[in-house]
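Engineer: Pasting a structure here, questions to come.
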Amino acid sequence: MAEKFHGSIVPMVTPFQEDGSFDENTYRTLIDWQIESGSHGISCAGTTGEPSSLTIEEREYLLEVTVNQVKGRVPTVLGSGSTNHAETMRLTKFAEKIGADAALVIVPYYNKPSQEGLYRHFREVADSVDIPIVIYNIPGRTGVNMEPSTMARLRRDCSNIIGVKESNKNFEQVSHVLHQVGRDFLVYSGIELLCYPMLALGGAGHVSATANLLPREVADIYNFVEQGKWKEAIDLHYYLLELNEALFWETNPGPLKACMGMTGQIKPIVRSPMALPSEKMQEDLRAVLAKYNLVSVQG
């Protein structure tokens, strides 16, 4: 089962209309394009999808549309985590009900729970469903790091906790996770510049926001490694470096949505309290996109 969750699992943006409502038609088109472009899986309602800006009903609808549009062509890993335990339980059960292949459950943000609190939260969520659970560990957003020992405890006690999306710049953590939890634990890079290094350590793949713009190239980092073409993979790593950095000049997904607006993929709209980058930064972003032949310099 675990093999199907390997590769580039793209974290979809949630496109909006001018009035702030969900742009469903555009979203469905983006999903088809991602699959046709070689992405190995589809994720939604992660950080890139602005889940904290959506109501719980909107999140459920987004999850349902995702499964409906993917139609089993690739695995779906749906974001169902929240700072609220009851909401996380509800969304994770809903993901199972609609046929998601796995749920991506974030470490609760703002609360800053202890390791014991994290264990109890994830244990109860995992015990409530049969679908696989991928932990989403992103200390920069949540204010707390799930320690490798806690992951090992959860993996031992919950057979359906199969992996972790590590958005953790402390790269030593990755080696400790794989060593303590098991080398067959699925560890994904959630940091764009660490996609290639993660694979070198034995990671299962990556969840990179950059795939919203260059899905084929981001997927090929994994494909090349899988084929033993390490030089080609590292060449792609450096090829993508400038774009990977530019998309995080400000908080994700502001720069990404601005870029996708420039490429004509979406309307460049984020929900408050997020904001698009300044005009100067957008000019700089356009210059980066032009280097990848995604837009013309003039606009």
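No lab work stands behind these numbers, since they all come straight from the coordinates. Computed from a predicted model, the values in this text were never measured in an experiment. Ideal geometry is used to build each Cβ from the backbone, glycine not excepted, and the neighbour counts take in all protein chains shown.
Engineer: List the number of the failed condition for G163; all other conditions in (1) closer than 18 Å to P113 by Cβ; (2) assigned to a strand (DSSP E or B) hold.
Structural biologist: (1)
Engineer: Select from segment 1-23 the residues that are surrounded by fewer than 21 Cβ atoms within 10 Å (Cβ to Cβ) and among the hydroxyl-bearing types (S, T, Y) and list them in ascending order.
Structural biologist: S21 - this is the single residue of segment 1-23 that is surrounded by fewer than 21 Cβ atoms within 10 Å (Cβ to Cβ) and among the hydroxyl-bearing types (S, T, Y).
Engineer: Would you mind finding the one in M281, M260, M198, M274 that is more than 26 Å from E36 (Cβ to Cβ) and either in a helix (DSSP H, G or I) or in contact with a strand residue (DSSP E or B) (Cβ under 7 Å, 6 or more places away or on another chain) (or both)? Full working, then the answer.
Structural biologist: Details: M260 fails: more than 26 Å from E36 (Cβ to Cβ); M198 fails: more than 26 Å from E36 (Cβ to Cβ); M274 fails: either in a helix (DSSP H, G or I) or in contact with a strand residue (DSSP E or B) (Cβ under 7 Å, 6 or more places away or on another chain) (or both).
M281 is the lone residue from the list that is more than 26 Å from E36 (Cβ to Cβ) and either in a helix (DSSP H, G or I) or in contact with a strand residue (DSSP E or B) (Cβ under 7 Å, 6 or more places away or on another chain) (or both).
Engineer: So which residues in segment 106-131 are over 18 Å from G46 (Cα atoms) and in contact with a His (Cβ under 8 Å, 6 or more places away or on another chain)?
Structural biologist: Hits for segment 106-131 are P113, H121, E124.
Engineer: Among the aliphatic types (A, V, I, L, M), touching a strand residue (DSSP E or B) at 6+ places or on another chain (Cβ under 9 Å) and more than 21 Å from F22 (Cα to Cα) - does that describe any residue in segment 48-66?
Structural biologist: No: zero hits.
Engineer: When you go through E58, E36 one by one, which is the residue that is more than 22 Å from G254 (Cα to Cα), charged (D, E, K, R) and over 15 Å from the mean Cα position of the chain (by Cα)?
Structural biologist: Within the list E58, E36, the selection yields E36.
Engineer: Quick test of your reading of the structure: G7 fulfils all but one of (1) on the phi < 0 side of the Ramachandran plot; (2) touching a His at 6+ places or on another chain (Cβ under 9 Å). Name the failing condition by number.
Structural biologist: (1)
Here is a yes/no grid of residues against (1) loosely packed, with under 15 Cβ neighbours inside 10 Å; (2) in contact (Cβ under 8 Å) with a residue 40 or more places away in the chain; (3) of a type in the set (V, I, T):
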| residue | (1), (2), (3) |
| --- | --- |
| G38 | no, yes, no |
| T55 | yes, no, yes |
| V65 | no, yes, yes |
| Q69 | no, yes, no |
| V74 | no, no, yes |
| N84 | yes, no, no |
| M89 | no, no, no |
